[in-house]
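Everything below concerns the one structure shown next.
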Amino acid sequence: AASESAKLRSIRLLLVGDELVGKTSLILSLVSEQFPFSVPPRTQPITIPPDVTPEHVATILVDTSLREQTENDIGSEIVRADVICLVYSIVDDETFHRLSKYWLPKIREKLGDNHKVPVILVGNKSDERFEYRDQESSLNRAIPIMHKFKEVETSLECSAKTMKNLAELFFYAQKAVLYPHAPLYSSVDQM
Ligand code: GTP
Ligand code: MG
């Protein structure tokens with residue numbers, strides 16, 4: 001893994017997902033350490049210098065937006081990505097269903113069925129969780145997706161608004177690129 005990381009001059013971290021799930025807000029919260037109350041549809045790629053990243057590799061945050069890009073534009077970003085954060089909103093079930101209905105198949109269409117680009121499921125807006133929907137059952141929803149799509153490395157919930165788990169998200173994304181390993185549940189199928 002060390003030689004692997006030495007070869008990488010930077011990590012291209014791509015955020016994709018449905019409209020209004022909070023991709024742009026996540027990026028701007030992460031870099032400015034405060035929640036932006038008003039955001040453009042899309043930010044320019046932002047490079048985080050190595051010394052302030054968890055694994056000390058420069059990381060380029062790349063935003064996408066169906067509001068101002070075509071599916072083809074997003075497709076050409078998918079093929080350039082080192083790691084993909086697939087964002088949904090925990091308070092909008094349709095954005096969750098579209099992970100397996102649309103986004104993961106779309107990523108496979110671009111990269112091939114056995115591609116090795118790690119995907120991280122990101123449930124944003126955790127600050128809006130209603131009390132009756134506990135986090136455990138919500139995270140359990142990701143398990144069948146991880147069974148079906150082995151490229152899904154991990155799943156977490158975060159909030160661009162409160163910044164909960166943003167550092168973790170960044171850390172998981174870097175780790176997924178630098179230390180690739182079999183996904184959590186693959187051993188079950190191989191027995
Ligand atoms: P597109 O560019 O259309 O694809 O949207 P996007 O995914 O970039 O979402 P954007 O960052 O524009 O956020 C959409 C709306 O959700 C905005 O009103 C944000 O203020 C709000 N939002 C984003 N993140 C959070 C969050 O963590 N919590 C809450 N409560 N609202 C959020
Ligand atoms: Mg946006």
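The values are calculated or read from the model by the stated rules, or taken from the named source; none is laboratory data. The shown structure was predicted, so the numbers you read here are calculated from the model rather than taken from an experiment. Note that we place each Cβ from the backbone using ideal geometry, even for glycine, and neighbour counts take in every protein chain shown.
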_Neighbours by Cβ (under 9 Å, 6+ apart or cross-chain): first from the range 23-36, within 16 Å of residue 127 (Cβ to Cβ); second in a helix (DSSP H, G or I) and away from ligand 1 (no atom under 11 Å from the Cβ)_ = 26/169; 30/167; 30/169; 30/170
_Within the range 104-118, does at least one residue satisfy the condition of being within 13 Å of ligand 1 (Cβ to nearest atom) and under 16 Å from the mean Cα position of the chain (by Cα)?_
no
_Looking at (1) away from ligand 1 (no atom under 13 Å from the Cβ); (2) surrounded by fewer than 21 Cβ atoms within 10 Å (Cβ to Cβ); (3) within 15 Å of the chain's Cα centre (by Cα), which one does residue 74 not meet, given that it meets all the others?_
(1)
*Might you let me know whether the range 69-90 holds any residue that is closer than 21 Å to residue 123 by Cα, out of contact with any strand residue (DSSP E or B) (no Cβ under 8 Å at 6 or more places or on another chain) and outside any helix (DSSP H, G or I)?*
no
*Which numbered condition trips up residue 37, out of (1) in a loop (DSSP other than H, G, I, E, B); (2) modelled with pLDDT of 95 or more; (3) more than 24 Å from residue 112 (Cβ to Cβ)?*
(2)
*Quick one: which residue in 100, 29, 25 is part of a helix (DSSP H, G or I), more than 16 Å from ligand 1 (Cβ to nearest atom) and not charged (D, E, K, R)?*
100
*Candidate set from the range 37-59 (those that are in contact (Cβ under 8 Å) with a residue 24 or more places away in the chain and within 7 Å of ligand 1 (Cβ to nearest atom)); member that is farthest from the chain's Cα centre (by Cα)*: 41
*So how many residues does the range 40-63 have that are more than 13 Å from ligand 2 (Cβ to nearest atom), assigned to a strand (DSSP E or B) and crowded, with 17+ Cβ neighbours inside 10 Å?*
2
*From 89, 29, grab the single residue that is within 13 Å of ligand 2 (Cβ to nearest atom), more than 22 Å from residue 150 (Cα to Cα) and out of contact with any Asp or Glu (no Cβ under 7 Å at 6 or more places or on another chain).*
29
*Residues satisfying the stated conditions in the range 124-154, i.e. assigned to a strand (DSSP E or B) and either modelled with pLDDT under 95 or over 17 Å from residue 91 (Cβ atoms) (or both)*: 152, 153, 154
